[in-house]
Amino acid sequence: MSKRTVHRTCPLCEATCGLELEVEGDRVTRIRGDASDVFSGGFICPKGTTLAALHEDPDRLRTPLVKRDGEHVPVSWDEAFREVERGLLGVAERHGREALGAYVGNPNVHNLAGTFYLRPVLKALGTRQIYSASTADQMPRHVSCGLMFGDPGAIPVPDVDRTDLLVMLGANPVESGGSLCTAPDFPGRLRKLRERGGRLVVIDPRRTRTAELADLHLAPRPGSDAALLAAVLHTVFDEQLDDTSALADHTVGIDALREAVAPFAPERVAATCGIDAEAIRSLAREIAVARSAAVYGRIGVHTCETGTITSFLTDAIALATGNLDAEGGSMFPFAAHARAGRAPGGKGFRTGRWKSRVRGLPEVRGEFPVAALAEEIDTEGEGRIRGLLTIAGNPVLSTPDAARLDRALEDLEFMVSVDIYCNETTRHADVILPPPSPLERSHYDIAFYSLSVRNVANWSPAVFEHEGPSESDILARLALILGGAGADAPASTVDDMLLGGMLESLVSSEGSPVHGRDAEELAGGLVGETAVDRLVETMLRAGPYGDGFGVDADGLSLEQLRDHPHGIDLGALAPRIPDALSTPSAKIEAAPAPILEEMARLAARLDEAPEPLVLVGRRDVRSNNSWMHNVDALVRGRVRCTLKIHPDDAAEQGLSDGDLARVSSRAGELTVAVEHDAGIRRGVVSLPHGWGHDTDGARLQVAAQRPGVNSNVLTDASLIDPLSGNAVLNGIPVQIAPAA
Ligand SMILES: Nc1nc2c(c(=O)[nH]1)N[C@H]1C(S)=C(S)[C@@H](COP(=O)(O)OP(=O)(O)OC[C@H]3O[C@@H](n4cnc5c(=O)[nH]c(N)nc54)[C@H](O)[C@@H]3O)O[C@H]1N2
Ligand SMILES: Nc1nc2c(c(=O)[nH]1)N[C@H]1C(S)=C(S)[C@@H](COP(=O)(O)OP(=O)(O)OC[C@H]3O[C@@H](n4cnc5c(=O)[nH]c(N)nc54)[C@H](O)[C@@H]3O)O[C@H]1N2
Ligand code: SF4
Ligand SMILES: [Mo]
């Protein structure tokens, strides 16, 4: 059998590790880290080695399923698409377009099909009932960056490889691989930081594996990070440690910012945070005097009621200490596929252009908070969602008050899911449309090279051919069906529209390297095999390092990337202000009004008594949100879905290590084994999300053997971050008792 070695980027998490695959015929016989990868240098985690197991998983769907008499049965693609047309358009005819809704999940950002083809699908749905995993995740970061820099996609990342001081809050990259900060081999980069004399401070209520690498670990009360960071900034101003000279010409609002943090003296917030005032002052001094410092917050500080202001404060501290857009501080990546030649300034960013039906929650980036999805389905009245499309999402395990959503999905008139598994969510679908496996598609990390600590480009061709439609074909056909073109309309119509639209926009924008050229002629010169390949190729060639479609023979092209299977390193991050700014003022907005209002609200709440016991989440390197528990190699061994609890808290409840505890919250209750952990703050318990694989109708044979519990049965959909609509998934008040 023919043997070959292929290289590709792992699409499972944000770290973008290079993999080396040994392939014999139609089987992958070995996967290891690609030692020559320009970015990851051979690093790999246990998930990366399981791509072949995922590919071969007998439970991974290969044919569409349609529900007949309550049972999913395999059907042809044509039949499945006809069923989708009948079902979804039937709902629209009976109840109007607003009765259709969509939920799109995390893997869409790890997949070129999702990157390019979601938009036409969601547009063709013709509804405002759009939801995604973003409001259970990073929406606060989009909103704070949108308000501060004018573009919700202009997200600075910590310059991990050059910083002298990294302060990390609510992130555990040793397990998660890092998020909104693409840095393969995060553990190695943290060790190097310390080897070159830099310092690592980790702020997390639990002593995580990342905290174990730190010089200093502070364990605050969950949900108190906004107050903590405001006190840090207060100290910077109070002790006149601020240095805003470098960006002074590009900043407005510093005085208002100083006033906004005036109420947050460390002495005032110490009790709220559970951290000594002197420790807060010393942290502020350390950040201010360090040659360079980067303050980085992630899931633990974004999925709480103060998510947006916390996100804002990380950047505000960078700005006030001269660490924004500066080497070793917080910097803006400039990806190879980014728009080249745009001028500073723009329309800015706003939210609330429309409101949700039941709770009147503002739209953010064209979507409603996922915490409102269940109520929009189960609350009677005009505009109630009766038909739902889910694309690469498992909201029954991922979103708050999950039991209510589970019931609501059961009650829909029609549901369609594009997914590789029949799982807790898709078991409710009338039609499941399965895309090919990650090994059967090309890959380029559009999302994560925009959030990367170096500018890097790496192209992965598909490892295997695939029969049936690609994921972009599936999405294209859904867009055509929803747009009224019928179940037989060819996917290529959408391919042509997307590529044509992209080229037209490039040739007509001033500053673009192909401004004024002929779109059709440019299209004729593309070498990409599939439609998504040609879209990426177009972006790269017209991008900041591109060949400009023949203008610069040495510039980046798809051919060049094909010749560099280990990727091309485009260098360390460079300053990008003012070019990165899209605010109407073309300046950094250091004091956006919505942020200041929320900070005032927070200041007024500082005296509220803290909850005695709260729940937070965690990640394990062998898990990937809710969907890789069907890979035996990842779930074998010790049980990972446990409730971590401080031994003294456990003793008070009479809970020995391994005992079953009943955990209850305002939203629901569950029973889970406790695991004593002396490294967790007292009054805090930790449970991972993405488990609970014991539902009827799902087809996950391996996962069902170690089901775990669904932590989102406990999270409360009535709580959100008001500025972003993000769900509150950390700091949930709970009670525990020994299970009967
Ligand atoms: N309590 C709590 N809840 C959380 C979090 C937390 O920290 N705590 N984290 C939140 C975060 S950060 C996120 S991102 C969300 C994730 O929330 P979701 O995106 O809803 O959930 P995932 O578990 O990522 O599920 C992905 C789905 O996509 C399917 N899938 C996998 N690969 C593909 C593919 O290539 N194509 C298609 N079409 N489908 C595919 C899987 O089978 C699965 O059904 O969860 C959130 N929920
Ligand atoms: N192995 C693995 N990797 C993953 C994923 C996965 O499920 N498994 N999911 C991927 C996704 S979608 C994402 S978004 C990223 C997330 O990546 P990370 O943001 O690194 O997520 P976690 O590992 O959950 O770390 C969150 C930390 O926040 C802490 N925390 C909780 N509440 C608070 C608080 O109020 N304040 C502070 N300071 N800390 C708090 C928790 O104790 C926990 O250690 O990971 C990605 N990578
Ligand atoms: S760290 Fe992320 S990108 Fe790297 S091998 Fe593991 S899952 Fe893949
Ligand atoms: Mo996420």
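With the largest listed first and rounded to whole Å, the semi-axes of the equivalent ellipsoid of region 547-679 from the Cα gyration tensor are 47, 32, 12.
Please count, across the chain, the pairs of lysine residues with Cα atoms under 22 Å apart that sit 8 or more places apart or on different chains.
Details: Lys123/Lys347; Lys123/Lys355; Lys347/Lys355; Lys347/Lys587.
Count of close lysine pairs: 4.
For the chain, a simple Cβ point-charge model (Lys and Arg +1, Asp and Glu -1, everything else neutral) yields a dipole of about 720 debye relative to the Cα centre. Spread over its residues, the convex hull of the C-alpha atoms of region 434-571 is 136 Å³ per residue.
Exposure check, 1.4 Å probe, all protein chains in place: Val631 carries approximately 10 Å² of accessible surface.
For the chain, the ratio of Cα radius of gyration to the globular rule of thumb 2.2 N^0.38 Å stands at 0.92.
Around the amide H of Leu573, modelled in the peptide plane, lie the amide H atoms of Asn455, all under 5 Å away and 5 or more residues distant in sequence or on another chain. When peptides 462-470, 45-53 are ranked by their average number of other Cβ atoms within 10 Å per residue, the highest-first order is 45-53, 462-470.
Using only the heavy atoms of the protein chains and a 1.4 Å probe, how would Ser245, Ser176 rank by accessible area, largest first? Walk me through the numbers on the way to the answer.
Numbers: Ser245 85, Ser176 35 Å².
Ranking Ser245, Ser176 by accessible area, largest first, yields Ser245, Ser176.
Rounded to whole numbers, the Karplus 3J(HN,Hα) couplings from phi for region 193-200 are 4, 6, 4, 8, x, x, 10, 10 Hz, using 6.51 cos²θ - 1.76 cosθ + 1.60 with θ = phi - 60°, and x at Gly and Pro. For Gly366, the amide hydrogen comes within under 5 Å of no other amide hydrogen, counting only partners 5 or more places away or on other chains and with H modelled in the peptide plane.
In this structure the amide hydrogen of Leu389, modeled in the peptide plane, comes within under 5 Å of the amide hydrogens of Gly101, Ala102, Tyr103, Val416, none closer than 5 places in sequence on its chain.
For the chain, the 222 nm mean residue ellipticity estimated from helices alone, with every DSSP H stretch of n ≥ 4 adding -39500 (n - 2.57) and the total spread over all residues, rounds to -8500 deg cm²/dmol. Against the criterion of solvent-accessible heavy-atom surface with a 1.4 angstrom probe, Lys644, Lys587, Lys192 sort, most first, into Lys192, Lys587, Lys644.
Counting only the Cα atoms, region 408-500 fills a convex hull of 162 Å³ per residue.
The values are calculated or read from the model by the stated rules, or taken from the named source; none is laboratory data. Owing to the predicted nature of the structure, the values given are computational and were not obtained by experimental measurement. Cβ atoms come from the backbone with ideal geometry, glycine included; neighbour counts cover every protein chain shown. These area figures cover heavy atoms from the full protein model, side chains too; ligands, DNA and RNA do not enter into them. Shrake-Rupley method; radii C 1.70, N 1.55, O 1.52, S 1.80 Å.
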